[in-house]
Structure formats: C-alpha cells, structure tokens
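Structure, as structure tokens:
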C-alpha cells in the first residue's frame, strides 16, 4: 500500500509538472533554463501545490524556497501577458475569497486589520524602503530619476490639482505617515487633518510634524467630521471595498465646503472584482479590493462630477522597482529583525506588483471631482 501511494503521488507530480510546463511555455518561460525569467524548481512538490492552491501556492512555495527566478518581475510580466491566471483561477482559495467578499463587508468590520498587519510592520522597514517623506504611493517621475524627487513631484501635483492655497483646510483620508499633510502644510500653508488606522503611522506623523498645522487622528475614515476646502485620499480607495464606494463618495461630498474639490488617487484594475488576489489578501493587504474606474464613476453618480481623470500608472512600475532597490540595499540592516522568509515574501510582493503595472493590468488614476450641481471651478489640468 505504501509503494502504491508513492507511485500514485509520483504520477500526480508528473502530471502536474506537465500542466505547469505547458502553461509556462505559452508565456515563453522554461523550467530549468537560464533566461532571466526562467524558473528553477528545487522541490518537485511545487507543481501540485500550485495547481491545488493557485496563487497562494505560487507565493508560498516561492517564499519557502521551493522555486526561484533570477528576474521575478520579468517572469510575472510574461505570465500576466499570456493570461496564465486562468490556470490558477479554479483554486479553492480563490473560491473562498469570492464567497467571503460577497457575503461580508470586511472593509467596514475589519477596518483596522490592514493597519495592524501591514502598515504597523515596522517604521524602520518603511523608512529604508520609502525614503525621507515615507510616502507609500505611486511617485511621479517627471523630469527626474530620483525616487525622493518623484515623490515630491507627486505631492506637488496633488496640491495643484486641488487648487491649494494658504489657509485652506484639507482632509486627508488614509494619510499614511503624514507625507502629503506635511508637504501641503510646509509648501502651501494649508491646515490638514489626516485619518489613519495604523498606530505606527500615527505615532510617526505626530512625532515628526508636531510643529506643523497638521492633526493626525487614529481612527476609521468613516468617522471623519468637519468642513474642508478639499477632501483627498491618496492610496485609501484600495481599502474601501466596492460595497463602500458609494458611502465614501457621500462622505467626501458631505464634508466639502462650497467651491471645494474631492481628489482620489487610487490603483485601478482592468476587471471589476470584489476581492484582491488570495495571496495578497493573506500576506500583504487583508480585505483589500482594487476598484475599476467604472466602479468609481458609478459611485459618484448624482453626488460628484469628475472634472479630470489622469492615468499615471506607468510611474508605479518605476516606483515599485525603486522601493525594491532600497529594500534590497537595506536588507543587511533589517535581516536580523525580519528574517529571510520576510525578505522573499516582500520581494514577491514588490515584483508581482511591478509586473502588473508594467502590463497595464493595474493603473493609477488621479480623479478630481466637484459636488453635483456646483459651478465648474477655474481649472487647468496640472501636469
């Protein structure tokens, strides 16, 4: 019986390997060859695990060292362009994810989970990876190759798009470590109130920006109050969830002063989904859901009028690769605290994300909107 079980297992491994090899061949990827995007498999159980567990199996087997690739971003780019996601789309993990997202409103009931599990990972990690302003969103590489300069260019772009002037009050929903709030206060003389669900982010911002007219509140954005000349979110919408898009737009419009503007900076997907990829949900951004431009436009109907939409998605590929370079260079200083499994998990996260922007499966939209019925403001697209 033991021999029979071994033979059966070996046969299943070979069948799974054939399926994976044939699928990868469609993407121009070979197992065991030496192109930068080719895969080196170190554990034969990899094939069955991937077919059984889908993208969770892909990510976990990479993290555990079962397989490797010299240029992981190039591998994922080829896989995405060849539409090999279909091979993994029937996994149990994805089915569970779909059902869970339809039944529950996790973005509302577990709002603080992403803060605790991701953004509270360690300010030392994010300082090394993100740079001095701790901005964890797409940079804007206009006339610069420097990540730090590109992040400042993005922050300035936002300020110009909302028509920011000295003395204006701004609400920053999902303010992160306060990078935008501090920039708007320093460069434009604005007063900013920011909301975050991360204790580490709130602590950092309060410590570093105590001398500025910046107030950071550790709270769910849904509890925001007051009246503001602009309501912005830079990287929050991915955590709002499709069940909450409409209430978000209602909240933003309700808190806006006459003549004010709403600004949304968000990753946008190519296909409307109620959930994020299962591996990313489990290890990186729990309960996230990337919206489409259409979903956001629908949520604005009769509430807000989109005045301008700009796609700067290609800049996110460059941003992610710059974050990876920073993280990799800093790893000798971080390794003792975070461990080698974290290194491979973080590499998988950043490389996969870069590939999705490179293939245009993900984009980055900046939307400027005004309340329905309000006069159009004097507006020229900032660029």
- Query: In this structure, does residue 212 turn out to be modelled with pLDDT of 95 or more, surrounded by fewer than 20 Cβ atoms within 10 Å (Cβ to Cβ), touching a strand residue (DSSP E or B) at 6+ places or on another chain (Cβ under 7 Å) and more than 26 Å from residue 353 (Cα to Cα)?
  - Reply: no
- Tally, over the range 215-256, of residues that are in contact with a strand residue (DSSP E or B) (Cβ under 7 Å, 6 or more places away or on another chain), within 24 Å of residue 301 (Cβ to Cβ) and either free of Cβ contacts under 8 Å to residues at least 24 places away in the same chain or assigned to a loop (DSSP other than H, G, I, E, B) (or both): 5
- Members of the range 184-197 that are surrounded by fewer than 24 Cβ atoms within 10 Å (Cβ to Cβ) and in contact (Cβ under 8 Å) with a residue 40 or more places away in the chain: 197
- Query: Just checking, which of 316, 365 is part of a helix (DSSP H, G or I), assigned by TED's automatic domain parsing to the domain that holds residue 129 and either buried (at least 17 other Cβ atoms within 10 Å of the Cβ) or in contact with a helix residue (DSSP H, G or I) (Cβ under 6 Å, 6 or more places away or on another chain) (or both)?
  - Reply: 316
- For residue 302, all conditions in the list (1) in contact with a strand residue (DSSP E or B) (Cβ under 8 Å, 6 or more places away or on another chain); (2) on the phi > 0 side of the Ramachandran plot hold save one; what is the number of the exception? (1)
- Taking residue 359, is it in the same structural domain as residue 231 (by TED's automatic domain parsing) and over 13 Å from the mean Cα position of the chain (by Cα)? yes
- Message: Can you confirm whether residue 284 is touching a residue at least 40 places away in the same chain (Cβ under 8 Å) and touching a helix residue (DSSP H, G or I) at 6+ places or on another chain (Cβ under 6 Å)?
- Response: yes
- Message: Checking residue 304 against (1) surrounded by 17 or more Cβ atoms within 10 Å (Cβ to Cβ); (2) closer than 30 Å to residue 120 by Cβ, only one condition comes out false. Which one?
- Response: (2)
- Task: Restrict the check to the range 3-19 and report whether at least one residue is modelled with pLDDT of 85 or more, closer than 23 Å to residue 74 by Cβ and touching a strand residue (DSSP E or B) at 6+ places or on another chain (Cβ under 7 Å).
- Result: no
- Message: Given the criterion out of contact with any strand residue (DSSP E or B) (no Cβ under 6 Å at 6 or more places or on another chain) and part of a helix (DSSP H, G or I), identify the matching residue among 297, 288.
- Response: 297
- Looking only at the range 19-38, which residues are touching a residue at least 40 places away in the same chain (Cβ under 8 Å), part of a loop (DSSP other than H, G, I, E, B) and surrounded by fewer than 16 Cβ atoms within 10 Å (Cβ to Cβ)? 28
- Residue by residue through the range 328-360, note down the ones that are over 23 Å from residue 61 (Cα atoms) and buried (at least 18 other Cβ atoms within 10 Å of the Cβ). 357, 358
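Every residue, every condition in (1) buried (at least 19 other Cβ atoms within 10 Å of the Cβ); (2) in contact with a helix residue (DSSP H, G or I) (Cβ under 9 Å, 6 or more places away or on another chain); (3) in a helix (DSSP H, G or I); (4) free of Cβ contacts under 8 Å to residues at least 24 places away in the same chain, yes or no:
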residue	(1), (2), (3), (4)
40	no, no, no, no
44	no, yes, no, no
51	yes, yes, yes, no
56	yes, yes, yes, no
62	yes, yes, yes, no
73	yes, yes, yes, no
77	yes, yes, yes, no
80	yes, yes, yes, no
- Based on what the data block shows, is residue 325 part of a helix (DSSP H, G or I), without any contact (Cβ under 8 Å) to a residue 60 or more places away in the chain and surrounded by fewer than 16 Cβ atoms within 10 Å (Cβ to Cβ)? yes
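The values are calculated or read from the model by the stated rules, or taken from the named source; none is laboratory data. Remember, it's a predicted structure, so these values are computed and weren't measured experimentally. A quick note on method: Cβ atoms are made from the backbone with ideal geometry, for glycine too, and the neighbour counts reach across all protein chains shown.
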